[in-house]
Structure formats: structure tokens, C-alpha cells
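The values are calculated or read from the model by the stated rules, or taken from the named source; none is laboratory data. Values in this document were obtained by computation on a predicted structure and should not be read as measured data. Please note: Cβ atoms are built from the backbone with ideal geometry, for glycine as well, and neighbour counts cover all protein chains shown.
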Amino acid sequence: MGQTITLEDVVKRTPDLPSIPAAALKVMRETDESTSNAASIAKTLSQDQALSARVLRLANSAYYGLSKRVTNLQESVVILGMRCVRNLCMVAATYPWMSRKLDGYCLGPKAMWSHSFGTALAGQLIARMSKKASEDVVFTAGLLHDIGKVALSVWLENKTSAIVQYAELAQVSFDVAERRILGYDHCEVGEHLGRQWNLPDEIVAAVRWHHDPDQCQPSSNIVDCVHLGNFLTMAMGFGLGGDGLHYSVCENSFVRLGLQPDALDQITDQFVTGYEEYEKLFEDLSAA
Amino acid sequence: MAVATPTLVGMAEIHVHQGPALYSCIGLGSCIGLVAHCPASGVSGMIHVMLPEAFKDKPIDKPGKFVDVGLPELVKMMAAKGANTNRLVAAYAGGAQVFKIGADVSSRLDIGKRNAEAVKDLLEKLRIRTIAHEVGGSNGRTVTVDIASLTVKVRSINEGEKVLCVLRG
């Protein structure tokens, strides 16, 4: 790849590496606590004005169809609920950098976003059907599962095609080819980044094992939901890059979640319909 | 000279035109983009199908989602524009699959393969001649069609763009 760079270097030396605003992370943690309420969530969120403005804009988007305009954060938490505001907060925190193009993975503008948001939604749907994982945690984990690509993209220097060629010749999946060529894959880079951002362990596990859920010890239903959500999103062609569908799917994830593979078509249909509805929200994201 | 804008055929959509037209199906994973043309009338149509068959226990919101109801709907819409349904020719691409290594993966998870088989079988049943197709593999694809020249092109990030066929009946 032109120069040897270690995994740690990727995380330390990548220029313009994004981060999750501290207020967004605090909101995520607070919503998990039984003592939180609309006032406390609003207070935390208000520490970041840019993030607050984006969350309010999203809360007023056509998607939610509110009868009157929401003008303050506490009101938005009361009307939309803590879970919804938590997810909006993560969307508002990630959209600005996830919608950029990633040349290293041949992902055009908004392709990474489309794939990440698709995985968040599909994973959430799978969590709801299985009743075996927190929908909100799966949503956040799905949204963040490919953060390693954001850091690694710069260093790939448009060599994705070469990695794909190797994967095809060696009959291995893209993440395995990344490991053999680079010494690490985008999942491991994402794990480092997630720890640097101080993300909760369950989300870091999903970032690390989303292509190989059987390797996660102990097994995690959150990882399984994100793995299957990622699979569905790839199959439906949301934000496919040079790595395309060069990945494996783990049938054990279905088994652990108590889902039959026969349910896949129904899940796919619901996922695509749900995603289309969210496009109203994207219009406001673009303007925000 | 102004460049005509292609009709973007989104997921589960069916578009039909009489006369010269440009179509584009972007970002096909396991889905299939299929174009049909009637040389007698100049009527053409394109569909972007997601799944092989509609659900028996659920109303169909968009016929273009499913191969088994979408393809007959495409033929019906083309006939309404004046196509001779006995003379239709078609080309299609997509149906990519995840890359599996040694895993005993259920064929139900192979949406791409199931879509490709369903399209092939139904085209035969409907007696629509397939001029060319490109299915399978693990790359995402974009299909573009220029009805004026009857050219069908397929592009993927790793393999670039190539002419799949000329839709001559």
C-alpha cells in the first residue's frame, strides 16, 4: 500500500479524523440510566449548540409530522421521547462526517451514510423481531459499525480493487484480505477508534465483530443484529463500495437470535419500506 | 447538445416509455434490473426487483418489489403503451451474492441467486427472449440502457463499464 503503517498509526496519524461530540455520548449514557428525565437530557444536549440545533431541526422534519413546531430541547424530549432523541442525537452527531465520500473504499458522497444508517435501521428491526437485544443500542452500533473505514480509507489510496482481486484469487472475504495485505482490517481499526472515543463496550464489540460474530466472546445478540443488518443492507445495495458483497454471512446469528432464515424476505421488505420513509428525514439532514 | 437525463429506476419501481428513452438502475446488490423492449412498437420498460416472490399473507404495496408479480406488471404496462407482448426481448443484471467461505449457508439467504433463478424461469414462462444477462458474483452493479441505440451497459466499481448487449429482437 505504498508505506507500512501500523494499526495504531492509522488511528493516531489519520488527518481530519472525526469524533463523536461529548454531549452526544453523554446523552447516550444518560438515556440508559433510570434517573434521567426530559430536563436532564435537554440540559446535557444543550452543552453543544451545533448538535442541539441539528437535533431540533430533525425533530421538526416532515418525517415526524408534528402539529406544532418544537422550539426547545426539553419539549422535543417530551414529545418524541428519550429513545427517539437519543437516536436523533447520534444521527446528528455522525451525519456531517459520514456523508463525506471515502475514496479509499470507492464510496461516493453519502454512500457511507446510506450504508451505515441502513445497517442501523435493519439491525433495529431485527432486534425488535428477535426481542433479544436493545433496539437503541443496536441502532447506535449499526450506525457506527464501519467507523474503521473512515480512518483506513485515506491509507488505502484507492487500492480497494487490488484487495478485492486478492480476495477473489485467494477465495477469502474482503476483511480477511485486508488483514493479509495490511496486517489488520477495518473492524480492528474501528475497535481502536471506538475505544479512543470511549464508546461503551457492547458497541465496540459490534464494531469489532460485525463481519465475524462467531468470534465474539461471549456471544452478543447486539453483534448478531448488527451483522445481519449489515448483510441485509449490502444485499439491498445501500452504499456499496469497492468491497461490494465480498463478505460472509453467519447463519449462527439467526440461530442465536431465534430467527428462521425463512423470515429474511419479510425482514427485507419491512427494512426497505422503513428506509424509504426515513428519506424525509434525510432531506432535513442535508439542509442541517 | 443537451444530454438527456436518464430515468432512474429506483428499488421496486417500474418505468415504461414509448420511443427513445434512457434508463438507469443504480446500486444493484442482490436486486435485479431488467429492461424489456418491443421492436415492433418501440415501447420499452425497466424494473428493479428486490425479492423473488410476493408474500401470500400480505397485500402487495408495490408490484415492482417482486419478480413473480413485477414482471407480469411490466409486460402489462408495456402492452398498455402499445407493445406486442409476443415480441418482447429482455436483458438483465444484478443478483449479486455475499461471498461465503466454507459456511453452510442456507439457500434462503441467497437472495441474489433466488432472484436470478426466478427471473430466468419467469421470462421463459412468459416467452420473453433473453438477449443477455449478467448475474451473480459479489460486486454491486449499475445498469444503464439507451433505447435509441438499444445498448445495455453494466458498470461495477472493480470491473468498470462494459456493453452487456444490443437489444435486437
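Might you check whether a residue that is more than 21 Å from residue B:143 (Cβ to Cβ), modelled with pLDDT of 95 or more and not aromatic (Phe, Trp, Tyr) occurs anywhere in segment B:27-46? Looking through segment B:27-46, at least one residue is more than 21 Å from residue B:143 (Cβ to Cβ), modelled with pLDDT of 95 or more and not aromatic (Phe, Trp, Tyr). The set of residues in segment B:15-36 that are away from chain A (no Cβ under 14 Å) and of a type outside the set (Ser, Thr, Tyr) comprises B:15, B:16, B:17, B:18, B:19, B:20, B:21, B:22, B:34, B:35, B:36. If only residues of segment A:212-243 that are in a loop (DSSP other than H, G, I, E, B) and farther than 17 Å from residue B:96 by Cβ are counted, the one that is nearest to the other protein chains (Cβ to nearest Cβ) is A:212.
Tell me the residue from A:172, A:189, A:154, A:207 that is within 14 Å of chain B (Cβ to nearest Cβ) and among the aliphatic types (A, V, I, L, M), please.
It is A:172.
Residues that are of a type in the set (S, T, N, Q) and in contact (Cβ under 8 Å) with a residue 12 or more places away in the chain number at least 2 in the following helices (runs of 4 or more DSSP H) confined to segment A:95-198: A:111-130, A:160-170. Scoring residue B:63 on the criteria (1) touching a helix residue (DSSP H, G or I) at 6+ places or on another chain (Cβ under 6 Å); (2) of a type outside the set (Phe, Trp, Tyr); (3) within 12 Å of chain A (Cβ to nearest Cβ) leaves a single failure, condition (3).
Just one of the listed residues (B:122, B:88, B:164) is touching a residue at least 24 places away in the same chain (Cβ under 8 Å) and under 26 Å from residue A:247 (Cβ atoms), namely B:164.
For segment B:40-89, filtering for residues that are surrounded by fewer than 16 Cβ atoms within 10 Å (Cβ to Cβ) and of a type in the set (Phe, Trp, Tyr) leaves 1. Go through (1) within 14 Å of residue B:35 (Cα to Cα); (2) out of contact with any Ser or Thr (no Cβ under 8 Å at 6 or more places or on another chain); (3) surrounded by fewer than 22 Cβ atoms within 10 Å (Cβ to Cβ) and name the single condition residue B:120 misses. Only one criterion in (1) within 14 Å of residue B:35 (Cα to Cα); (2) out of contact with any Ser or Thr (no Cβ under 8 Å at 6 or more places or on another chain); (3) surrounded by fewer than 22 Cβ atoms within 10 Å (Cβ to Cβ) is unmet by residue B:120, namely (2).
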